[in-house]
Amino acid sequence: MNDHHEQRLARVFVELADTLVDDFDMLEFLSMLVGRCVELLDVAAAGVVLSDHRGALRMAAASSEQARLVELFAVQTDDGPCLDCVRTGLPVYSANLAADEARWPRFAPAAVAAGFVATHAVPMRLRRNVIGALNLFKAEPNGVDPASVQLGQALADVATIGMLQQRAIDDNTVLVEQLQTALNSRVVIEQAKGVLSAHAGVDMDHAFTALCGYARSHNLRLSALAFTVANGTADLTAIMTGGERPARRAQR
């Protein structure tokens, strides 16, 4: 790796470890995780599946709309590497999804149709506590390379430790509630993406990028901003503009 890549990687690990802040937003944190995976690893997309308070698996974050739909389909059909990974606590992979339809009869065809050729899911785990899985998608054959898998697991490990330490002073019930709140907020974010997409005539990925950009530039929680979009109280044009260039400071 060159010096620039090593410096970027170091900053990402600091980002993932720095969760002890008052305004910690788990959904924004997970969105950052999948985005950094695509930036740093030789993969086309990444997604996260988490276990909710009942032990059911839910799609929590994805780096692209295609990955989101594939992970959502996996959860809905109870089929796919991420689900196997969470249940076993072990990495699960396929170097050729088209040849693995017998293994995942619903997930594999859906992933191939979305443009993904291979996948590698790594557990989000601290000792025996498995809270979810990070799935890395590849659009070219021969699978996810070992270096990307190793680094992806390291990113997942640091993210998991950060999520767990964020509530280390509280009991497990609070952590479960935090995870559940994040998963519930995901529904509102999907609604907000749809509203922005329809308003501006852009795809869902562009709408999400604008939503995240506006939240960052205005120091807003992603979930709070999404709620205002979904309930019709947000300035949609300002959000779409602010996502592409520095937004003007709001007048008070």
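Please treat every number below as a calculation from the coordinates, not as lab data. The shown structure was predicted, so the numbers you read here are calculated from the model rather than taken from an experiment.
Taking amide H atoms as placed 1.01 Å from N in the peptide plane, the amide H of residue 45 lies under 5 Å from those of 137, each 5 or more residues away in sequence or on another chain.
Remark on segment 18-147: Rg and Dmax equal 13.9, 47 Å (Cα only). Here's how it looks for residue 124: its modeled amide H is under 5 Å from those of 131, 132, 133, 134, which are all 5 or more places away or on a different chain.
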